[in-house]
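Q: One structure follows; several queries about it will come next.
The values are calculated or read from the model by the stated rules, or taken from the named source; none is laboratory data. Source: prediction; values computed, not measured. Positions of Cβ are generated from backbone atoms using ideal geometry, with glycine treated the same way; all protein chains shown enter the neighbour counts.
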Amino acid sequence: MLPVEEITSSLRRVSLRTDMLIQLFPNRRRGFDVVAEAKGRCLIAVSNEEDEPMNETLETMWKRRSVRKYKTDAIPEEHLSLILEAARRAPTGANRQSWRMIVVRDPDVQRKTAEACSNQMWMADAPVILCLVTLPDERRVSGTIVLDHAILAATSLGYGTCWIGSFDADKVKEVLGIPNDHGIVCLTPLGLAAEQPDPRPRKPPAELFMADHFGSELDYSL
Ligand SMILES: Cc1cc2nc3c(=O)[nH]c(=O)nc-3n(C[C@H](O)[C@H](O)[C@H](O)COP(=O)(O)O)c2cc1C
């Protein structure tokens, strides 16, 4: 059996009609991108465009992809403000809000930031790079939620993002002037996508979810 990764990269995308999809996966609702393994074969299906629209929040979550090619077009201020506001509204432990976000727009600083992120230079093509910083002694989990809010807001407004966790913290701190005792959670480029990546495969639900105790199967259906 070919691994899912290999099939997705060689076939790119296989579209099945929704009724066929439902026959194959009776527990799934319409509108889902499906990447699944069944009976020793890999199946990839993208539901057709006539599907009923889902709840908009879920649709945004389903739509998000890691984008690694960007157009250089600027982001209108009102969109950027909404993305930042979504971050500001994120929950944090005891509402401490011990995070700060650096909005990097200077091309030279962007280039140096991308270098500090394992030379992922494509990041610097985006008009904005966001860097999520935590204040001293704050756990990084709160910052993660903040950045996720920004990323989902960006997706809902039509922008691409990509979590960037591969970076040299000392170098990023030096480039962005972040004090040494602060933490860096993650970064993301933010801009219009110049590619439309296919959905990346996910493990089957049975491997991920458990009922009541670790290891016990959850009766799960969508
Ligand atoms: C914490 C974290 C760190 C990541 N770091 C990087 C990174 O440094 N570079 C990169 O290209 N992608 C990075 N990614 C993106 C993952 O590769 C991507 O989310 C995963 O392959 C699933 O693809 P999708 O986001 O399109 O669903 C990171 C994702 C997460 C959540």
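Q: Quick one: residue 73 ticks every box in (1) within 13 Å of residue 160 (Cα to Cα); (2) surrounded by 13 or more Cβ atoms within 10 Å (Cβ to Cβ) bar one, so which box is it?
A: So the condition that residue 73 fails would be (2).
Q: If we only count helices (runs of 4 or more DSSP H) wholly inside the stretch 45-160, which ones have 1 or more residues that are within 13 Å of the ligand (Cβ to nearest atom)?
A: Working: elements: 56-63, 77-88, 107-116, 140-156.
It comes to 56-63, 107-116, 140-156.
Q: So if I check each of 134, 144, which one is within 23 Å of residue 84 (Cα to Cα) and crowded, with 21+ Cβ neighbours inside 10 Å?
A: On the way: 144 fails: crowded, with 21+ Cβ neighbours inside 10 Å.
After applying the criteria, what remains is 134.
Q: With 152, 157, 176, 147 as the choices, which residue is of a type in the set (A, V, I, L, M, F, W, C) and in contact with a His (Cβ under 8 Å, 6 or more places away or on another chain)?
A: 157
Q: Mind checking which residues of the stretch 164-210 are modelled with pLDDT of 95 or more, assigned to a loop (DSSP other than H, G, I, E, B) and away from the ligand (no atom under 16 Å from the Cβ)?
A: Those that are modelled with pLDDT of 95 or more, assigned to a loop (DSSP other than H, G, I, E, B) and away from the ligand (no atom under 16 Å from the Cβ): 177, 178, 179, 180, 181, 182, 192.
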